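**Q** Dropping the structure in here first, questions after.
The values are calculated or read from the model by the stated rules, or taken from the named source; none is laboratory data. This one's a predicted model, so the numbers in the text were calculated from it and none came from an experiment. For neighbour counting, all protein chains shown are included, and Cβ atoms are generated from backbone atoms with ideal geometry for every residue, glycine included. Just the protein is used for accessible areas: all its heavy atoms, side chains included, with ligands, DNA and RNA removed. Shrake-Rupley method; radii C 1.70, N 1.55, O 1.52, S 1.80 Å.
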Amino acid sequence: MKLNEEDRPGIPSKPDRTPLVPVVLVIAVVGAAALAGFPELRDYAKGLVFSMGEAIGLTVSHAEYSAVYERMGLPRLSAKVLASSKVSSGLARLAREPCDKAAIFTFGEGLLAAHEERTAAEAYLGFAGACPNSEGEQNRAAQILFQLGDSEHVIAIADGLIAKNPAVANYRYLRGRALANVKRYAEAVDDYKSTIQLYNNPRDVGQWVFVEMANIYAAMGRPCDAAVTILTWVAIDASVRNTLQTRKMVEEYSAKGCAQRPAPTDVKKL
């Protein structure tokens, strides 16, 4: 009987094990990096391992973290992000102690290091929503969101912080910057004034606060007020601050529409 070509018994093929080769190699790198004391290299290598694992169909169990995700309103993190020792250890600690402030800081800053800024902000806010005395976490979330350009969200968070702690200058300053970003200039100026006046010693207020406030006045079409703001900062310590740079700033603002040279005023009267 003649056998057709398709009837010939085939030679059993060897299972394809090539995807495991790079995984094994990277696992070796992980171990070597850990032993050598290079956590950054270790985490990077772990990320490669997890990514390769996902590529060949392996999955990472999220069972131990599911309660944390739900409580903080977070999506499941990718295997690559979980490879970070800060992220995974922070999550594990939060699973055991939901309101551990050190754990949320480790977790949140680990997410930032992994370039998961939005998730980091959501994590801090989720923690604050579930745990008492979490103004610091709300403030950290607002700072992250400010860097992302989400000024409206920053304003909403700062509103709540200021309502609870109206005498904290940093909250006023953060909201003022966010208000300026969305061109709510008059409200921003009020927050900058409050920022300056809440300091016991005006010498402790950074020059940038006055410069930013002057720039807001300039954007409002009030160059004389901008010049007065700089002159007021100089007057706090004229022997040090009356420099060529500050005089030039005052001249530039004044040239935009002041009828006469403005004079400095008391900080409390800004």
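**Q** Can you go through S84, S61 and tell me which one is modelled with pLDDT under 90 and either among the polar types (S, T, N, Q) or open to solvent by 20 Å² or more (accessible area, probe 1.4 Å) (or both)? Can you show your working first?
**A** On the way: S84 fails: modelled with pLDDT under 90.
The conditions single out S61.
**Q** Within region 64-81, restricting attention to residues that are hydroxyl-bearing (S, T, Y) and in a helix (DSSP H, G or I), which residue is most open to solvent (accessible area, probe 1.4 Å)?
**A** Checking each candidate, the answer is S66.
**Q** Among the residues that make up region 172-192, is at least one of them surrounded by fewer than 19 Cβ atoms within 10 Å (Cβ to Cβ), polar (S, T, N, Q) and on the phi < 0 side of the Ramachandran plot?
**A** Yes.
**Q** Given the criteria more than 30 Å from Q207 (Cβ to Cβ), open to solvent by 60 Å² or more (accessible area, probe 1.4 Å) and assigned to a helix (DSSP H, G or I), does G110 qualify?
**A** Values: more than 30 Å from Q207 (Cβ to Cβ): yes; open to solvent by 60 Å² or more (accessible area, probe 1.4 Å): no; assigned to a helix (DSSP H, G or I): yes.
No; evaluated as a whole, the condition is false for this residue.
**Q** Please enumerate the residues belonging to region 219-233 that are surrounded by fewer than 21 Cβ atoms within 10 Å (Cβ to Cβ) and over 18 Å from T195 (Cβ atoms). Don't jump to the end; show me each part of the working.
**A** Pass one, region 219-233, residues surrounded by fewer than 21 Cβ atoms within 10 Å (Cβ to Cβ): 219-225.
G221, R222, P223, C224, listed by residue number.
**Q** Condition (residue is more than 21 Å from E70 (Cβ to Cβ), among the acidic types (D, E) and part of a loop (DSSP other than H, G, I, E, B)) applied to region 122-135: is it met by at least one residue?
**A** Quick first cut of region 122-135, residues more than 21 Å from E70 (Cβ to Cβ) only: 133, 135.
Right, trim to among the acidic types (D, E) and you get 135.
Still in the list and also part of a loop (DSSP other than H, G, I, E, B): none.
There is no residue in region 122-135 that is more than 21 Å from E70 (Cβ to Cβ), among the acidic types (D, E) and part of a loop (DSSP other than H, G, I, E, B).
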